[in-house]
1. Every other copy gets compared here: list the nm distances from the B:PRO43 label point (7 Å along Cα to Cβ) to its counterparts, shortest first, one decimal.
2. May I ask you to report, in nm to one decimal and beginning with the shortest, the distances from B:SER2 to the same position in the other copies, taking label points 7 Å along Cα-to-Cβ?
3. Which angle between 0 and 90 degrees, to the nearest 10, do you get for helix B:120-133 versus the longest principal axis of chain B when only C-alpha atoms count?
4. Can you find, among B:ALA5, B:LEU16, B:LEU51, the residue farthest towards the positive end of the dipole of chain B? Put +1 on the C-beta of Lys and Arg, -1 on that of Asp and Glu.
5. Averaged over B:75-83, how many beta carbons belonging to a partner chain fall within 10 Å of each residue's beta carbon?
6. Relative to the compact-globule scaling 2.2 N^0.38 Å, provide the ratio for the alpha-carbon radius of gyration of the protein assembly as shown.
7. What number comes out for the charge environment of A:GLY101, summing +1 per Lys or Arg and -1 per Asp or Glu over other residues with Cβ under 15 Å away?
8. Between A:SER121 and B:ALA46, what's the calculated FRET efficiency when r is the beta-carbon distance and R0 is 41 Å? Round to 0.05.
2 protein chains.
Amino acid sequence: MSLFALDPRLERDSTLLMKLGLCQLRLMRDSRWPWLLLVPQRPGIAEIFDLTPLDQTMLTFETSITAKALKQATGCHKINVGALGNQVSQFHFHVIAREQGDPAWPGPVWGYGEATPWTDSARTILTERLLEAI
Amino acid sequence: MSLFALDPRLERDSTLLMKLGLCQLRLMRDSRWPWLLLVPQRPGIAEIFDLTPLDQTMLTFETSITAKALKQATGCHKINVGALGNQVSQFHFHVIAREQGDPAWPGPVWGYGEATPWTDSARTILTERLLEAI
């Protein structure tokens, strides 16, 4: 039985915030949007139906908790969630805070323009608020 | 207590395939991609965390069943799932069959170009295969 190992591109594009019951909760290195990833720590998962029913349920609860905390921490207008995997096949679920008038609004953020790095202070503030809300 | 009523824009952009335990399963009127919607038949839901925990679990199982059936019915390369709601606030969950080299590949389909209507025969074939797989 193989072990879970994070895809190198997800590793490069995001930083670990905390480990939940099933998923790694990670922050994308892109300050244009508070943008989180949930990555189930299971090997060989590409689609949601590759997860066991119990893990699907865990993913849903972790998604819901994360989305609610992100909304609370940012006061954003809308949460976008989704799993595409067109470029990185390891299953990862996006949870993104959107504002009316943000750079890609009302379109999706995926593939839009170039990432803008976080400043240390902005990332610290967001992370603290978020972890408090979870 | 208010009753569930489908948003007029979702009604216009998609057709009902069947009712599952929680959701209406609908087909988008856009033949560029086999593109399904799951709409929980609950009033006043905008975000995933507005659903009760039981409904969240139902949504996950219905998503998983639908995604697996869509993959089986189309033989597609990848399933994309997500809930944005930037334009239509009533909660609706997208389940989309993607192919390498499809019009928007590897980007997201939301907001991409103009919808192409289904021919009756193509829609019938897809619908029959899909309902058989569910």
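Laboratory data are not the source of any read-out in this text; all were calculated from the coordinates shown. This is a predicted model, so every value here is computed, not measured. Note: ideal-geometry Cβ built from the backbone for every residue, glycine included; neighbour counts use all protein chains shown.
1. Those separations, rounded to one decimal, come out as 5.1 nm.
2. Distances between equivalent label points, in nm: 4.8.
3. Result, in degrees: 60.
4. Of B:ALA5, B:LEU16, B:LEU51, it is B:LEU16.
5. If you average over the peptide's residues, the count of other-chain Cβ atoms is 5.
6. My calculation over the Cα atoms of the protein assembly as shown gives 0.97.
7. Here the count lands on +1.
8. For A:SER121 and B:ALA46, the calculated efficiency is 0.85.
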